[in-house]
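Engineer: Take a look at this one; I'll ask things after.
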Amino acid sequence: TNMGVAAGQFANTNTNFGTVTFNVTDGYQTINPVDVTVTIIGRNNTADYDGTEHIVTGYTATASSNLYDVNNDFTFSGDSTAARTNVGTTNMNLAAGQFTNTNTNFGTVTFNVTDGYQTVTPIDVTVTIVGASNTTDYDGEEHSVSGYTATASNNLYDVDHDFTFSGTASAARTDAGTTNMGLAAGQFANTNTNFGTVTFSVTDGYQTVTPIDVTVTIVGASNT
């Protein structure tokens, strides 16, 4: 801001001098802009997988000088939102270029940005496998049984699609005794990454043939 000092503001009062020329250099007050760093930290949230979408929004802003008003002195052109349903992390993608200083009292305004994110973590589940079983009286024919039932401790786990089976779920037998399917936990593998530790609790299936009672009539040969 200049004083506005000009020659016309000065008047000679000494009659001993004829022409008095006032050569004036104006005075002024200058305020130089200062530099400031604004720290932007995106909000973050971590939730266990529950099949629903989780959302986090917004960021906090602090300045290295309390003269800088973080509520009014810059604009933001990005989207400070992150949403996620399945296991993993979605970032807000905050970047320094999305923030613009609007206060000319500050020279270099550095935006130091830490991105925000929404994380969904996997959960554990137990899958109970029960092999089918059958018991039949011996009749000289082969009897067989196949298949198993699967139930999960969490209804978010789809027992029809979320694991693979590499064994053989069948057992066959003709003579009295029991033949097991040979089901084992190692034959089942989880394929859904929304679940962390998937424990397969397996009860083997079997085919049993039970002995039957019989009367054998012995008649000794005779001759007269």
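Engineer: When you scan the range 201-221, do you find a residue that is open to solvent by less than 80 Å² (accessible area, probe 1.4 Å), within 30 Å of Thr52 (Cβ to Cβ) and either at pLDDT 95 or above or among the β-branched types (Val, Ile, Thr) (or both), even just one?
Structural biologist: Within the range 201-221 (the criterion being open to solvent by less than 80 Å² (accessible area, probe 1.4 Å), within 30 Å of Thr52 (Cβ to Cβ) and either at pLDDT 95 or above or among the β-branched types (Val, Ile, Thr) (or both)), the answer is yes, since at least one residue qualifies.
Engineer: Consider Phe188 carefully, then state whether it is open to solvent by less than 40 Å² (accessible area, probe 1.4 Å) and not small (Gly, Ala, Ser). Talk me through it step by step, then tell me what you get.
Structural biologist: Values: open to solvent by less than 40 Å² (accessible area, probe 1.4 Å): yes; not small (Gly, Ala, Ser): yes.
Criteria met by Phe188.
Engineer: Pick from the range 32-70 the residues that are part of a loop (DSSP other than H, G, I, E, B) and aliphatic (A, V, I, L, M): which of them is least open to solvent (accessible area, probe 1.4 Å)? So that I can check it myself, show each step before the final result.
Structural biologist: Of the residues in the range 32-70, the ones part of a loop (DSSP other than H, G, I, E, B) are 32-33, 43, 49-53, 58, 64-70.
Those left that are additionally aliphatic (A, V, I, L, M): 67, 70.
Values: Leu67: 131, Val70: 37 Å².
In this case the residue turns out to be Val70.
Engineer: Sticking with this one: Only one of (1) under 30 Å from Arg84 (Cα atoms); (2) open to solvent by 70 Å² or more (accessible area, probe 1.4 Å); (3) in contact with a helix residue (DSSP H, G or I) (Cβ under 9 Å, 6 or more places away or on another chain) is not met by Thr151, so which one is it?
Structural biologist: Condition not satisfied by Thr151: (3).
Engineer: Write out, first by first residue and then by second, each pair whose Cβ atoms fall under 6 Å of each other, whose residues are 6+ apart or on separate chains, and whose first residue, in the range 68-97, is in contact (Cβ under 8 Å) with a residue 60 or more places away in the chain and at negative phi while the second is surrounded by 15 or more Cβ atoms within 10 Å (Cβ to Cβ) and in a loop (DSSP other than H, G, I, E, B).
Structural biologist: Filtered contacts from the range 68-97: Asn86/Asn194; Val87/Tyr49; Val87/Pro122; Val87/Asn194.
Engineer: Shifting gears a bit: For Asn134, only one of the following conditions fails: (1) in contact with a His (Cβ under 7 Å, 6 or more places away or on another chain); (2) surrounded by 18 or more Cβ atoms within 10 Å (Cβ to Cβ). What is its number?
Structural biologist: (2)
Engineer: Could you tell me whether Gly97 is assigned to a loop (DSSP other than H, G, I, E, B), modelled with pLDDT of 95 or more and not hydroxyl-bearing (Ser, Thr, Tyr)? I'd like the intermediate steps shown before the answer.
Structural biologist: Numbers: assigned to a loop (DSSP other than H, G, I, E, B): no; modelled with pLDDT of 95 or more: yes; not hydroxyl-bearing (Ser, Thr, Tyr): yes.
When the stated conditions are applied, Gly97 does not pass them.
Engineer: Yes or no: the range 166-180 includes at least one residue that is among the β-branched types (Val, Ile, Thr) and open to solvent by less than 70 Å² (accessible area, probe 1.4 Å).
Structural biologist: Let us first name the residues in the range 166-180 that are among the β-branched types (Val, Ile, Thr), namely 168, 174, 178-179.
Now drop any that are not open to solvent by less than 70 Å² (accessible area, probe 1.4 Å), which leaves 174, 179.
Scanning the range 166-180, I find at least one residue that is among the β-branched types (Val, Ile, Thr) and open to solvent by less than 70 Å² (accessible area, probe 1.4 Å), so the answer is yes.
Engineer: Which one of the conditions (1) in a strand (DSSP E or B); (2) open to solvent by 60 Å² or more (accessible area, probe 1.4 Å); (3) out of contact with any Phe, Trp or Tyr (no Cβ under 8 Å at 6 or more places or on another chain); (4) of a type outside the set (Lys, Arg) does Thr21 fail to meet, given that it meets all the rest?
Structural biologist: The single condition Thr21 does not satisfy is (1).
Engineer: While we're looking at this one, here's another question. Any chance you could count how many residues in the range 71-82 are open to solvent by less than 40 Å² (accessible area, probe 1.4 Å) and within 33 Å of the chain's Cα centre (by Cα)?
Structural biologist: Going residue by residue through the range 71-82, those that are open to solvent by less than 40 Å² (accessible area, probe 1.4 Å) are 73-74, 78, 80, 82.
Next cut, within 33 Å of the chain's Cα centre (by Cα) only: 74, 78, 80, 82.
Counting residues in the range 71-82 that are open to solvent by less than 40 Å² (accessible area, probe 1.4 Å) and within 33 Å of the chain's Cα centre (by Cα) gives 4.
Engineer: Take the conditions under 21 Å from Asp115 (Cα atoms) and either open to solvent by 70 Å² or more (accessible area, probe 1.4 Å) or without any contact (Cβ under 8 Å) to a residue 60 or more places away in the chain (or both) and apply them to Ala6. Does it pass?
Structural biologist: Numbers: under 21 Å from Asp115 (Cα atoms): no; either open to solvent by 70 Å² or more (accessible area, probe 1.4 Å) or without any contact (Cβ under 8 Å) to a residue 60 or more places away in the chain (or both): yes.
So Ala6 fails the test.
The values are calculated or read from the model by the stated rules, or taken from the named source; none is laboratory data. From a predicted model like this one, the values you see are computed outputs, not experimental measurements. Cβ: placed from backbone, ideal geometry, glycine included. Neighbour counts: every protein chain shown. The accessibility values were calculated without ligands, DNA or RNA, using every heavy atom of the protein model including side chains. Shrake-Rupley method; radii C 1.70, N 1.55, O 1.52, S 1.80 Å.
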